[in-house]
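Okay, structure first, notes after.
Just so it is clear, none of the values below were taken in a lab; they were calculated from the coordinates. Quick caveat: nothing in here was measured; it's all calculated off a predicted structure. So basically every Cβ, Gly included, is an ideal-geometry build from the backbone, and we count neighbours across all protein chains shown.
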Amino acid sequence: MIYLNSFLFAGAVCLLGQIILDNTKLTAGHITSIFVCLGAFLDIFNIYDKIVTVVGGGAMVPITSFGHLLIHGALAQAEQYGFIGLLTGMFNLTASGITAAIIFTFIFSLFFKPKD
Amino acid sequence: MRLKDYNEIVNRHKPKEHKVQNGIIAFVSGGIVGLIGQGLIDIYSYFLEIPAQEASIFATVTLIFFASLFTALGFFDKWVTICKCGLIIPITGFAHSMTSAGIEYKTEGPIFGLGSNIFKLAGSVILYGVVSAWIFGMIRFMILGG
């Protein structure tokens, strides 16, 4: 059942992005930025947390989960250290993804050449 | 030639966009990426015997690795032109934008080429993500207290 939910949720988010891309003048860069903000916004009232418990991995894959993890890490630290925790904890949960992307990019760009 | 006639001719020769077809392809390909994410979480949490939260980190890193590798090998670009948002919206699009920028600009040197341009496309995601998370975090911290 969680697999069906994953498929439907991830597909629906991508479909929403595709509809925006086809019918407005916004580019892919605009849409990913909007979706990150949307993911952070949905976490104000724990809505995205509820989606994650129902949908599982399908909610962790779209870029909306990036915003969700940013605000989640910041708030977890803010509970302990007050307002300064919003700054220290911002990248706590997303650091793995960003670091992995940087390292893989560096390694692959050393060994591979542009195709054209 | 009047402007109205000109616009008519331009509209006739514009390539037609198949919006419905694009939507279906984006839905199916995005859904498959979501399925792979959930499948990886189950595989990792079963074989490595770790909780689902840690397994989701492994799954995200795996997706980023394969998106970077396929971009470097050259055939991820073709998939993106077919699937469009189905591969741009998931985390694969983040890795794809970084790796393609890195490989493209590395000819301009390691500092001002690769180093300055690696976040050329992915930087907007991080910038607006951090700013919006900070603002919404402030709002929630002041209203609900964490």
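One residue stands out among those in region A:80-101 that are in contact with a Gly (Cβ under 9 Å, 6 or more places away or on another chain) and over 19 Å from B:Ser132 (Cα atoms): the one that is nearest to the other protein chains (Cβ to nearest Cβ), which is A:Gln80.
Where helices (runs of 4 or more DSSP H) fall entirely within region B:1-91, those with at least 1 residues that are within 13 Å of the chain's Cα centre (by Cα) are at B:19-47, B:52-73, B:76-83, B:85-88.
Residues of region B:116-142 that are at the interface with chain A (Cβ under 7 Å from one of its Cβ atoms), part of a helix (DSSP H, G or I) and crowded, with 16+ Cβ neighbours inside 10 Å: B:Ser124, B:Val125, B:Tyr128, B:Gly129, B:Val130, B:Ser132, B:Ala133, B:Trp134, B:Phe136, B:Gly137, B:Arg140, B:Phe141.
Taken together, the residues in region B:97-115 that are in a loop (DSSP other than H, G, I, E, B) and facing chain A (nearest Cβ under 7 Å) amount to 0. Beta carbons closer than 9 Å, at least 6 apart along the sequence or on distinct chains, pair a first residue in region A:41-63 that is under 15 Å from A:Val13 (Cβ atoms) and facing chain B (nearest Cβ under 7 Å) with a second that is surrounded by fewer than 20 Cβ atoms within 10 Å (Cβ to Cβ) and polar (S, T, N, Q) for A:Gly56/A:Asn5; A:Gly58/A:Asn5. Of the numbered criteria (1) touching a helix residue (DSSP H, G or I) at 6+ places or on another chain (Cβ under 7 Å); (2) hydrophobic (A, V, I, L, M, F, W, C); (3) more than 7 Å from chain B (Cβ to nearest Cβ), the one A:Ile34 fails is (1).
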